[in-house]
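Presented below is the structure to which this report refers.
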Amino acid sequence: MTAGRRADARTPSPAEAAARRMLDLLAADAPAQELAAQPARARADGADPGEAARIEEATEAALAVRRVLDQHRRREAELVALFDTAGDLAGLRDLDAVLRAIVRRARTLLGSDVAYLTLNDPAAHDTFMRVTDGSVSAAFQQLRLGMGEGLGGLVAQTARPYASTDYRTDRRYRHTGTIDDGVAEEGLRGILGVPLRLGEEIIGVLFAADRTPREFTPDAIALLGSLADHAAVAIDSARRLDETRTALTRLETANATARAHSEALHQASDAHDRLSKLVLRGAGTDEVAAEIAALLGGGVAVHDTDGSELARVGTEPVTPSPAGLDASHTEGRAVHADGVWTCAVLAGAEPLGSIVLTGRADLPEPDRRLFERAALVTAMLLLIRRSVAETEDRVRGELLDDLLAGPASSAHWDEGSLTLRARRLGVDLARPHAVAVLDCEPAARSRLATETARTARRLGGLAGTRHGNTVLLAPCEQPGTLARDLAADLARIIGTPVTVGAAGPGTGPEHHAALHTEALRCRTALHSLGRTGEGADVTDLGFIGVLLGDRAGIAPYVERVLGPVLAYDRERGTELVRTLHAYYDQGASLSRAKDALHVHVNTVVQRLDRVAQLLGPDWNTPASALELHLALRLHRLCHGTR
């Protein structure tokens, strides 16, 4: 049996032994060179030609298997690298980091000298260099390629991969001086470019390039294309993430702005409520100004339409800036001009006054809106005050009208009732009062009446309109001064000349009608004399007022000029008036006057000395003598004496 077994176990042929060795080499992952050396070894071991041929065939098959295995291993390595690349790209959130990772991995996977990436610019219709890895040329790193220019421009235009073994000599592409200079400065020869594709959109080109000529295999082209596909998705994700971040930032900014706006509105609304409650509680401009100053942390001054100060808190006297007030009125907003903030106080388009804020060089938008709200509340306050004032003015005007009508107007005229009504309005008719009659051009008469009523309240008097004329009754002992002041002040306020005739003073309701008549005559005389826009009383006009007035003014004029002398004669039975007649009739001659009177000259001198005591030392100056002589003649004519 043992011999039989030995007979069956034969020695393998050289071909079989060689095949077994090649299988062992393949299993051991031996180099291809060792596989290729097997035929020579078999021939050296004495293999016959037939065996050697079979060994050659086995070697070719083994080498083919080895090539397939190498290809699978390489493909596996590429897939692993692509998987790792996808993972790396997915973990990146910054677009620049994504782009740098793409070109670095492309250079590594293809083993190229340089890798770079361009992105398309839809606005400029070209593609520009975005990121490079391994580049040393600044000019190359700043290249822009028009669509269809160079290899990269052609890839960007056609969305197809292109490769060049040696770009310098490759005439398939449209060369330009700029591109060729950049490529030459970088020293590139073999170049491969593949499109970065998002659906149907091409967003750029990914390149791998060597500084020596290189034939890019289909596997290399496919590998770079696969990397480009991953890169395009990563770029799109990074872009969307950037857009999301930008949108979130804008949303946060918008939310912050909305919160700030809401807070400002709440603050403004709260301040508006606080100010409104003050007004509704009956607070005056001083309290409202104090509250505005506290809210804004500055000084506040409130002014009327004529610039007169209504209230001031925490600041020196300040006037509204004309330029700022005009701009605020036009724009309806607070305006900074001449170092202060000014806000017009308006009721619709009607100006009611202004508010000035000092001590705040800068006024943020919330505080500015708060200041403008304060102006609205101030407008409400001034409107309420005006309504109250108009009601009071109407009552005052009715009282004035009854006073000026006089006792002759009605059998029911009651001095006591008028005095009581005046007292309720804060007017004391027991004090000396003057009456002034005012007028101006027709277009400004309504404004004149309003401002005169305001002046009456300030002076503690009454104002109204009678027979088309504005009339003022005010406590005063110097009507001429009152008339001149009224003419100047009111003309400045309403912007047109104001003529004022005044009369007085008089005490008691029964005198006011006569004073009104005299003041009206004085106003008429001013116009007749060409003195429109001035103010005066009858005393200021002298006998001219009598000449230009009416008959009713003669007796008051005579009384004013000669009153003390007439009273002295009535009380003592003297003849001072007769002596004055004789003195002036005889040309102011003492000797002729004593002959006309049939008295001694010393008597004439004594009588004239008494006149000087009664009328004042300047009674005989030319101007006074003229007035006195005229009054004497009017007295003689009125009484029929000689």
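Tabulated data for the structure shown
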| quantity | calculated |
| --- | --- |
| In segment 608-634, the residues that are in a loop (DSSP other than H, G, I, E, B) and of a type in the set (D, E, K, R) | D618 |
| Within segment 120-163, considering residues that are within 50 Å of the chain's Cα centre (by Cα) and hydroxyl-bearing (S, T, Y), the one surrounded by the fewest Cβ atoms within 10 Å (Cβ to Cβ) | T132 |
| Qualifying residue in segment 391-400 (condition: crowded, with 21+ Cβ neighbours inside 10 Å, outside the structural domain of L515 (by TED's automatic domain parsing) and among the basic types (K, R)) | yes |
| Selection count, segment 122-146, where residues are more than 15 Å from G182 (Cα to Cα) and without any contact (Cβ under 8 Å) to a residue 12 or more places away in the chain | 2 |
| Test result for R250, out of contact with any helix residue (DSSP H, G or I) (no Cβ under 6 Å at 6 or more places or on another chain) and not β-branched (V, I, T) | yes |
| Selected residue [exposed (fewer than 15 other Cβ atoms within 10 Å of the Cβ), at negative phi and at pLDDT 85 or above] from T244, T257, T212 | T212 |
| Condition broken by A283, with the remaining ones in (1) under 14 Å from M380 (Cα atoms); (2) modelled with pLDDT of 75 or more satisfied | (2) |
| Identity of the residue in segment 439-468, at pLDDT 90 or above and β-branched (V, I, T), that ends up surrounded by the fewest Cβ atoms within 10 Å (Cβ to Cβ) | T455 |
| Strands (runs of 3 or more DSSP E) (entirely within segment 153-250) containing at least 1 residues that are closer than 23 Å to V136 by Cα, hydroxyl-bearing (S, T, Y) and in contact with an Asp or Glu (Cβ under 6 Å, 6 or more places away or on another chain) | 162-164 |
| Matching helices (runs of 4 or more DSSP H) fully within segment 431-538 where at least 1 residues are farther than 21 Å from T305 by Cβ | 479-494, 512-528 |
| Residues of segment 560-595 classified as loosely packed, with under 15 Cβ neighbours inside 10 Å, under 30 Å from G504 (Cα atoms) and among the aliphatic types (A, V, I, L, M), total | 1 |
| Candidate set from segment 104-119 (those that are polar (S, T, N, Q) and surrounded by 23 or more Cβ atoms within 10 Å (Cβ to Cβ)); member that is nearest to I221 (Cα to Cα) | S112 |
| Those residues of segment 485-536 which are in contact (Cβ under 8 Å) with a residue 60 or more places away in the chain, among the hydroxyl-bearing types (S, T, Y) and more than 16 Å from T455 (Cβ to Cβ), in sequence order | T507 |
| Test set (1) of a type outside the set (A, V, I, L, M, F, W, C); (2) in contact with a Pro (Cβ under 6 Å, 6 or more places away or on another chain); (3) free of Cβ contacts under 8 Å to residues at least 12 places away in the same chain - T305 fails condition number | (3) |
| Neighbours by Cβ (under 9 Å, 6+ apart or cross-chain): first from segment 469-484, surrounded by fewer than 18 Cβ atoms within 10 Å (Cβ to Cβ) and β-branched (V, I, T); second in a strand (DSSP E or B) and at pLDDT 90 or above | T481/A502; T481/G535 |
| Selection count where residues are in contact with a Phe, Trp or Tyr (Cβ under 9 Å, 6 or more places away or on another chain), touching a residue at least 40 places away in the same chain (Cβ under 8 Å) and buried (at least 24 other Cβ atoms within 10 Å of the Cβ), scope segment 178-203 | 4 |
| Some residue of segment 78-92 being small (G, A, S) and modelled with pLDDT of 80 or more | no |
| Among the candidates L376, L418, residue that is out of contact with any His (no Cβ under 8 Å at 6 or more places or on another chain), in a helix (DSSP H, G or I) and of a type outside the set (K, R) | L418 |
| Residue match in segment 268-275 (condition: at pLDDT below 85 and more than 27 Å from the chain's Cα centre (by Cα)) | no |
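Yes or no, residue by residue, for (1) under 21 Å from G225 (Cα atoms); (2) at pLDDT 75 or above:
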site	(1), (2)
R10	no, no
D24	no, no
E34	no, no
R41	no, no
A53	no, yes
R67	no, no
R105	yes, yes
L110	yes, yes
D113	yes, yes
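Let's see how each residue does on (1) among the charged types (D, E, K, R); (2) out of contact with any helix residue (DSSP H, G or I) (no Cβ under 9 Å at 6 or more places or on another chain); (3) modelled with pLDDT of 80 or more; (4) within 23 Å of D537 (Cα to Cα):
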position	(1), (2), (3), (4)
L403	no, no, yes, yes
P407	no, no, no, no
E415	yes, no, no, no
R421	yes, no, yes, no
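The values are calculated or read from the model by the stated rules, or taken from the named source; none is laboratory data. This one's a predicted model, so the numbers in the text were calculated from it and none came from an experiment. Glycine also receives a Cβ, built like all others from the backbone with ideal geometry; neighbour counts cover every protein chain displayed.
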